[in-house]
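Novice: Before I ask anything, let me first share the structure, which is written out below as structure tokens.
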Amino acid sequence: MTHSIEELCQDINRISVYLALDDFAGSGPGPEVLRELDVIALLGNQVIATLTSACALMQRSPAAVLLLSGGIGHSTPLLYDNLRRSAYGGLVRQGLVLEAMAEAEMFAAVAQAAFQIPPGRILIENRSTNTAENARYSLQSLKEANRGQGPVLIVQDPTMQRRSMLTWERAAGIDRWGARALSHAVLVPQVEQGPGPDSAGMPRFVAGQVEGTWTMERFLALILGEIRRLRDDEDGYGPKGRNFLPHVEIPEPVMESYLRLSASHFNALAIR
């Protein structure tokens, strides 16, 4: 059965809402939560809004430290390119953000220069190259700094937010780490049908989500890949597969959207 572009856009948006796990109903943490935070953890990714949001929240969190996690991986050149094109591009031109830096180091340069967050309130974890290492090495950094006894706010690429939380909670459980982890998706990606014949059957991001995020091809690959990882089967990351995650019960409407999207021409457009 062939589905319309509009129907497939609805499927994309349904998957995006599911993946962008947020504990604050889209409104962000309020003053009381920010006062209690011990750590704001920004995990390596290419979405500039995650960096801006984490730093802005730090300015309103008097007791927190900013944990920046991310080595050099698939997203590193994409992060650098997004920074170069963003409002922080001046830091690239000044040589404060370098292409050879780890993601956490790029984040730290922006946090200090653009938000005046002092180095003493920043922890840098620059070894991790995947979500599991983000969690494991971040927890090690917090232990070494004697931080993380209070609530930890996790900020990540919203397409990876749900899996990052599951991975963090599993790593924390293994380490018997009792601090509460809170999930904050800084945006929920949404798409719509592109206008006119030049759209070539492709969706486009809604206004405000184009700059500093993803190409559409990479975005499609990310959301399809996340559902594949979350599925508890022989190809997934659950107990029946690679056993990186606990069992996840994906809602039936989300699975139906995933299956339709996987069978559509959008799947062929996704960058692997």
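Bear in mind that the values in this text are calculations on the coordinates, not laboratory data. Here the structure is a predicted model, which is why all the values come from computation and not from measurement. Every residue, glycine as well, gets a Cβ built from its backbone with ideal geometry; the counts of neighbours run over all protein chains shown.
Novice: Taking only the alpha-carbon atoms of the range 132-187, what semi-axes of the equivalent ellipsoid follow from 5 times the gyration tensor eigenvalues under a square root, in whole Å, largest first?
Specialist: That gives 19, 12, 10 Å for the three semi-axes.
Novice: Residue by residue through the range 110-127, which ³J(HN,Hα) values in whole Hz follow from phi under the Karplus form 6.51 cos²θ - 1.76 cosθ + 1.60 (θ = phi - 60°), with glycine and proline marked x?
Specialist: Using θ = phi - 60°, the values come out as 5, 4, 6, 7, 9, 10, 6, 7, x, x, x, 9, 10, 10, 10, 10, 10, 9 Hz.
Novice: Among the trypsin sites (Lys or Arg not before Pro) within the range 155-196, which fall in a DSSP loop and have no more than 10 other Cβ atoms within 10 Å of their own Cβ?
Specialist: Sites meeting the loop and neighbour criteria: Arg176.
Novice: Pick out, in residue order, every one of the GluC sites (Glu not before Pro) in the range 178-243 that is DSSP loop and has at most 10 other C-beta atoms within 10 Å; say none if there are none.
Specialist: Glu234
Novice: State to the nearest 20 debye the size of the charge dipole of the chain about its Cα centre, where the only charges are +1 on K and R beta carbons and -1 on D and E beta carbons.
Specialist: 640 debye
Novice: Separate question: Ignoring everything except DSSP H segments at least 4 long, calculate the 222 nm mean residue ellipticity for the chain; use -39,500 (n - 2.57) per segment, divide by total residues, nearest 500.
Specialist: Mean residue ellipticity, 222 nm, calculated: -13500 deg cm²/dmol.
Novice: Something else now. Show me, bin by bin at 5 Å from 0, the whole-percent P(r) of the range 42-176 based on Cα pairs.
Specialist: Each 5 Å bin holds this share of Cα pairs: 2, 11, 22, 25, 21, 12, 5, 1, 0.
Novice: Can you list the equivalent-ellipsoid semi-axes of the range 150-222, largest first and in whole Å, using the square root of 5 times each Cα gyration tensor eigenvalue?
Specialist: Ellipsoid half-lengths, sorted descending, are 35, 12, 7 Å.
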